[in-house]
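Q: Structure in structure tokens, see below.
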Amino acid sequence: MLVALIINIIAIGTLVYSFTQSSRKSIQALKTALMKGLKLAPWMVGIIVLIGIVLSFVPPEVIERYLGGEMTIYQVVAAALIGTVSMIPNLITLPLAGSLIDSGASYTTIAAFLTTLTMVGFVTMPLEIKLLGKKITFWRNLLAFFFAIIIAVIIGALM
């Protein structure tokens with residue numbers, strides 16, 4: 001709650017500053033943001049409904065058993081591997097991650113899933129190989145996977 005309040009205060013403060021610099025550009029930016037928000041609204045509602053449907057069929061005990069509870073290294077690596085091979089937009093995964101945590105998943109496993117999802121490019125690897133070469137692609141993805149596990153462990157320790 002406090003973080004949301006701080007973010008909103010910063011956003012309002014920067015908006016006020018923007019109006020002092022150029023009210024015309026600020027109004028145009030607000031119109032653009034509103035139009036993009038209206039275009040995203042049906043997707044967001046659909047995502048929330050989809051998450052609700054999925055979580056209604058998967059009991060919290062199952063989620064806690066596979067993604068939480070004792071939180072073993074196997075759970076973290078499994079979540080990281082799922083994130084590695086998935087091609088899911090963050091717009092969908094972030095609400096899903098919050099719902100999974102509310103259902104008993106550990107922060108560490110969810111962090112492993114999210115960080116590998118964004119850092120490791122398994123699905124886009126053919127394009128990356130074409131643009132960067134096999135050696136760079138291999139090392140970038142291997143290091144990204146390794147650091148994603150480290151990030152997940154750090155997040156788990158902090159949370």
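Q: Report the charge-dipole magnitude of the stretch 58-158 in Debye, nearest 20, computed about the Cα centre from +1 at each Lys and Arg Cβ and -1 at each Asp and Glu Cβ.
A: On the way: 5 positive and 5 negative charges, 121 e Å.
Computed about the Cα centre, the dipole is about 580 debye.
Q: Same structure again: Starting from the Cα of Leu2, step 7 Å along the direction of its Cβ; do the same at Lys130; then give the gap between the two resulting points in nm.
A: Taking the two extended label points, one gets 5.0 nm.
Q: In nm, to one decimal, how far is the modelled label at Leu81 from the one at Ile154, with both set 7 Å along Cα→Cβ?
A: Placing both labels 7 Å along Cα→Cβ, they lie 2.5 nm apart.
Q: Treating the angle as unsigned and between 0 and 90°, give the value, to the nearest 10°, between the Cα long axis of helix 90-102 and the longest Cα principal axis of the chain.
A: 60 degrees
Q: Determine which lysines satisfy two conditions relative to Lys31: a Cα distance under 23 Å, and not lying fewer than 8 residues away in the same chain.
A: Partners within reach: Lys39.
Q: Could you grab the relative contact order for the chain? Cα pairs under 8 Å, six or more apart, rounded to a whole percent.
A: Details: 139 pairs, mean separation 34.7, N = 159.
Once normalised by length, the contact order is 22 percent.
Q: What three numbers, in Å, describe the spread of the alpha carbons of the stretch 1-41 along their principal axes, ordered from the longest?
A: The Cα atoms of the stretch 1-41 stretch 31, 30, 5 Å along the principal axes, largest first.
Q: Using a Förster distance of 35 angstrom, determine the FRET efficiency expected from the C-beta separation of Leu143 and Ala29, and round it to 0.05.
A: The formula returns an efficiency of 0.40 here.
Q: Using the beta-carbon distance between Ala41 and Glu61 and R0 = 25 Å, what value does 1/(1 + (r/R0)^6) give for FRET efficiency, to the nearest 0.05?
A: Working: r = 34 Å, r/R0 = 1.34.
Plugging the Cβ-Cβ distance into 1/(1 + (r/R0)^6) gives 0.15.
Q: What ratio of Cα Rg to 2.2 N^0.38 Å holds for the chain?
A: Details: Rg = 19.5 Å, N = 159, 2.2 N^0.38 = 15.1 Å.
Cα-based Rg divided by the globular estimate yields 1.29.
Values in this text are rule-based calculations from the coordinates and carry no lab data. Everything quoted here is computed from the prediction, not taken from an experiment. With ideal geometry, Cβ positions are generated from the backbone for all residues, glycine too; neighbour counts draw on all protein chains shown.
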